[in-house]
Amino acid sequence: MDPSFISEPHFPGGPLSQTLQGHTDLVRAVAISPDGKKAVSGSYDDTLKVWDLVRGGEVRTLKGHIDLVFAVAITPDGKKAVSGSYDDTLKVWDLVRGGEVRTLKGHIDLVFAVAITPDGKKAVSGADDKTLRVWDLERGLQVRTFKGESAIFSVALAADGRTAVAGAASGRVHHLKKGAAGE
């Protein structure tokens, strides 16, 4: 990347502020808290790291996945994160105290993507098992499943909390809306 691009006014945050080091392998996923004060990264070293963006540096390492971490998202209140892994699970993490809150099981293949609803109550995950799953984060339960024709590599949620789009290996983008026919 041309370094001058980073310093241009249209680049969020302006010039590079810091580089955070600590993972021992490729970093596959990152998320930033709504207040911009912390970030969480997921790596092929099977860990997540919580970073202090104000002071700079690692706050803690979150261990629990037994394989590569592909996805991470932070709740709107910045207190929890959800990660997806090659181990076919999602994990809910407490970012305040540190540590795992629960494991979400249901996918039967690696989890590529995760997004959290604007109210922070649900997560949506996409996986190599060709499914998009909706999870109740408080109860730790799967509440809905959408079956696609190929692996689901990405997912995004609208601010209304009812609309989702998911990118699939087939080259298709699935648009889902709660309350639509076949909900």
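The values are calculated or read from the model by the stated rules, or taken from the named source; none is laboratory data. Bear in mind that the values here come from a model prediction, so they are computed numbers and not experimental data. Glycine gets a Cβ as well: all are built from the backbone with ideal geometry, and neighbour counts include every protein chain shown.
Show me the strands (runs of 3 or more DSSP E) entirely contained within region 83-122 in which 3 or more residues are without any contact (Cβ under 8 Å) to a residue 60 or more places away in the chain and buried (at least 19 other Cβ atoms within 10 Å of the Cβ).
Values: elements: 89-94, 100-105, 111-116.
The strands (runs of 3 or more DSSP E) meeting that bar are 89-94, 111-116.
How many of the residues in region 146-174 are assigned to a strand (DSSP E or B), polar (S, T, N, Q) and either buried (at least 17 other Cβ atoms within 10 Å of the Cβ) or at pLDDT 95 or above (or both)? Before you say what the answer is, go through the steps one by one.
The first filter runs over region 146-174 and keeps only residues assigned to a strand (DSSP E or B), leaving 146-147, 152-157, 163-168, 173-174.
Okay, now just the ones that are also polar (S, T, N, Q), so 154, 163.
Narrowing the set further to residues that are either buried (at least 17 other Cβ atoms within 10 Å of the Cβ) or at pLDDT 95 or above (or both) leaves 154.
Residues in region 146-174 being assigned to a strand (DSSP E or B), polar (S, T, N, Q) and either buried (at least 17 other Cβ atoms within 10 Å of the Cβ) or at pLDDT 95 or above (or both): 1 in total.
Yes/no matrix, rows are residues, columns are (1) touching a helix residue (DSSP H, G or I) at 6+ places or on another chain (Cβ under 8 Å); (2) under 16 Å from residue 44 (Cβ atoms); (3) basic (Lys, Arg); (4) at pLDDT 95 or above:
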site	(1), (2), (3), (4)
76	no, no, no, yes
95	no, no, no, yes
101	no, no, no, yes
105	no, no, yes, yes
110	no, yes, no, yes
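Can you tell me how many residues in region 66-82 are touching a Pro at 6+ places or on another chain (Cβ under 8 Å) and either on the phi < 0 side of the Ramachandran plot or in a strand (DSSP E or B) (or both)?
Filtering region 66-82 for residues touching a Pro at 6+ places or on another chain (Cβ under 8 Å) gives 74, 76-78.
Subset that is either on the phi < 0 side of the Ramachandran plot or in a strand (DSSP E or B) (or both): 74, 76-77.
Qualifying residue count for the region: 3.
Check region 143-154 and report whether any residue there is closer than 17 Å to residue 31 by Cβ and touching a Leu at 6+ places or on another chain (Cβ under 7 Å).
Checking region 143-154: not a single residue is closer than 17 Å to residue 31 by Cβ and touching a Leu at 6+ places or on another chain (Cβ under 7 Å).
On the given criteria, is residue 143 surrounded by fewer than 13 Cβ atoms within 10 Å (Cβ to Cβ), assigned to a loop (DSSP other than H, G, I, E, B) and not small (Gly, Ala, Ser)? Before the answer, list the steps.
Values: surrounded by fewer than 13 Cβ atoms within 10 Å (Cβ to Cβ): yes; assigned to a loop (DSSP other than H, G, I, E, B): no; not small (Gly, Ala, Ser): yes.
No; evaluated as a whole, the condition is false for this residue.
When both residues are 6+ apart or on different chains and their Cβ atoms are under 6 Å apart, which pairs have a first residue that lies in region 158-183 and is at positive phi, and a second that is modelled with pLDDT under 90 and surrounded by 10 or more Cβ atoms within 10 Å (Cβ to Cβ)?
Hits for this filter: zero, empty list.
Do we have any residue at all in region 175-182 that's modelled with pLDDT of 95 or more and of a type in the set (A, V, I, L, M, F, W, C)?
No, the conditions are met nowhere in region 175-182.
Can you name every residue in region 131-140 that is charged (D, E, K, R), surrounded by fewer than 19 Cβ atoms within 10 Å (Cβ to Cβ) and in contact (Cβ under 8 Å) with a residue 12 or more places away in the chain? Step through it out loud before you land on a result.
Pass one, region 131-140, residues charged (D, E, K, R): 133, 136, 138-139.
Okay, now just the ones that are also surrounded by fewer than 19 Cβ atoms within 10 Å (Cβ to Cβ), so 136, 138-139.
Answer for region 131-140, where residues must be charged (D, E, K, R), surrounded by fewer than 19 Cβ atoms within 10 Å (Cβ to Cβ) and in contact (Cβ under 8 Å) with a residue 12 or more places away in the chain: 136, 138.
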